[in-house]
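Heads up: the structure comes next, in structure tokens.
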Amino acid sequence: MTAAMERKLDHTHFNPRKMDRFRLVDSELSGTTSDSWGIELVVRALAGSRAPVLPDTSGRAIDRTQYLAYWHGLHYLAVARLGWRDPGRGFRAWRKRGRPPGDETLDFIWSVWGADSNLDAYVAWATLNHQAITSADPGGPAKPPSESALQWARGIEDPSNLGLLSGDSNPPHLGRASDETESIRDEGRKSVLTITDAVRHRGIFITGSRGFYEDLATRWGELPDVAPNDWRIDVFNRRLGFLGTYRFSRATGRLFVGRHAVHMLGN
């Protein structure tokens, strides 16, 4: 991490020096579900939780549930928060720009997986498996990586005990945004979309029995057409709390949190 980035992060609760360092946690941690606890802990961290939020290898072998939580937490942030269809492309573009600070999600990713020296492994995986990742999207395969990007990815070594680049093409079974958010829902309830400020184009979405990303994308059409102004919708889950302020990109047709310029890096 550069000195400039450290200074920037000093002013946020995402600085590792200002929050409990991530460590191995029990998948049965109170208040989380067994199939998505890694993602749920990431959500809590971004909402300001001071609880342990992610599994950390700390030189120890991790079991399968820890392994899944570690990578799904990162993948969720890339595809369901940044809204990147092509995470490899997004992270490569961000690195090419010198990893500038200022985006809440990217700052958080760098303070965790970057600090663990494991972010490159994920970027290499996303680069080498580009076709499989993007072909699962309704839009079909995106532009392939350059040969230089592929050569870089082939040269990245597997992090000890994490095995993302070994075995089959997708050992942790990372999916699309709708897959990664399927478990974040309120069973037996209908989602609620409420306009709170029609002038400033603000609203609130409370999750229902469907995964929130796909459900919100479907219900976005209920908002009045205010082009070229963007709606900003604060998303909440009754169990996990605040999930982020989402926008909709007319350029990509995807939901995202943060600046549109950052969203476009991975699309």
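The values are calculated or read from the model by the stated rules, or taken from the named source; none is laboratory data. On a predicted model such as this, the values are computed, not experimentally measured, just so you know. Glycine gets a Cβ as well: all are built from the backbone with ideal geometry, and neighbour counts include every protein chain shown.
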> In region 145-169, what residues are surrounded by 12 or more Cβ atoms within 10 Å (Cβ to Cβ), touching a Leu at 6+ places or on another chain (Cβ under 9 Å) and without any contact (Cβ under 8 Å) to a residue 60 or more places away in the chain?
Replying inline: Pro145, Leu150, Ile156, Asp158, Leu165
> Which of (1) buried (at least 24 other Cβ atoms within 10 Å of the Cβ); (2) touching an Asp or Glu at 6+ places or on another chain (Cβ under 8 Å); (3) not hydroxyl-bearing (Ser, Thr, Tyr) does Trp125 not meet, given it meets every other one?
Replying inline: (2)
> Under the condition of being of a type in the set (Val, Ile, Thr) and touching a Leu at 6+ places or on another chain (Cβ under 8 Å), which residue from region 172-200 is modelled with the lowest pLDDT?
Replying inline: Ile184
> Of the residues Thr207, Thr181, Thr196, which is without any contact (Cβ under 8 Å) to a residue 60 or more places away in the chain and under 19 Å from Leu77 (Cβ atoms)?
Replying inline: Thr207
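Inside region 250-267, can you point out the residues that are in a loop (DSSP other than H, G, I, E, B) and surrounded by fewer than 19 Cβ atoms within 10 Å (Cβ to Cβ)?
Step one: list which residues in region 250-267 are in a loop (DSSP other than H, G, I, E, B), which gives 250-254, 258-259, 266-267.
Matches in region 250-267: Arg250, Ala251, Thr252, Gly253, Arg259.
To keep it simple, each residue is scored yes or no on (1) in the same structural domain as Tyr122 (by TED's automatic domain parsing); (2) closer than 27 Å to Gln66 by Cα.
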site	(1), (2)
Ile133	yes, yes
Pro138	yes, no
Ser148	yes, no
Ala153	yes, yes
Leu174	yes, yes
Ala198	no, no
Gly203	no, no
Leu216	no, no
> Any residue at all in region 240-249 that is under 26 Å from Leu74 (Cβ atoms), modelled with pLDDT of 95 or more and assigned to a loop (DSSP other than H, G, I, E, B)?
Replying inline: no
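Listed here are the residues, each with its yes/no results for (1) among the basic types (Lys, Arg); (2) within 21 Å of Phe108 (Cβ to Cβ); (3) surrounded by fewer than 14 Cβ atoms within 10 Å (Cβ to Cβ).
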{"residue": "Ile195", "(1), (2), (3)": "no, no, no"}
{"residue": "Val199", "(1), (2), (3)": "no, no, yes"}
{"residue": "Asp215", "(1), (2), (3)": "no, no, no"}
{"residue": "Glu222", "(1), (2), (3)": "no, no, yes"}
{"residue": "Asn237", "(1), (2), (3)": "no, yes, no"}
{"residue": "Gly244", "(1), (2), (3)": "no, yes, no"}
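So which residues in region 184-193 are of a type in the set (A, V, I, L, M) and touching a residue at least 24 places away in the same chain (Cβ under 8 Å), if there are any at all?
Here is the first cut: in region 184-193, the ones of a type in the set (A, V, I, L, M) are 184, 192-193.
Hits for region 184-193 are Ile184, Leu193.
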>> I need a count of the residues in region 217-239 that are assigned to a loop (DSSP other than H, G, I, E, B) and either among the hydrophobic types (A, V, I, L, M, F, W, C) or touching a Phe, Trp or Tyr at 6+ places or on another chain (Cβ under 8 Å) (or both).
In response: 5
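May I ask you to verify whether His173 is part of a helix (DSSP H, G or I) and under 21 Å from the mean Cα position of the chain (by Cα)?
Values: part of a helix (DSSP H, G or I): no; under 21 Å from the mean Cα position of the chain (by Cα): yes.
No.
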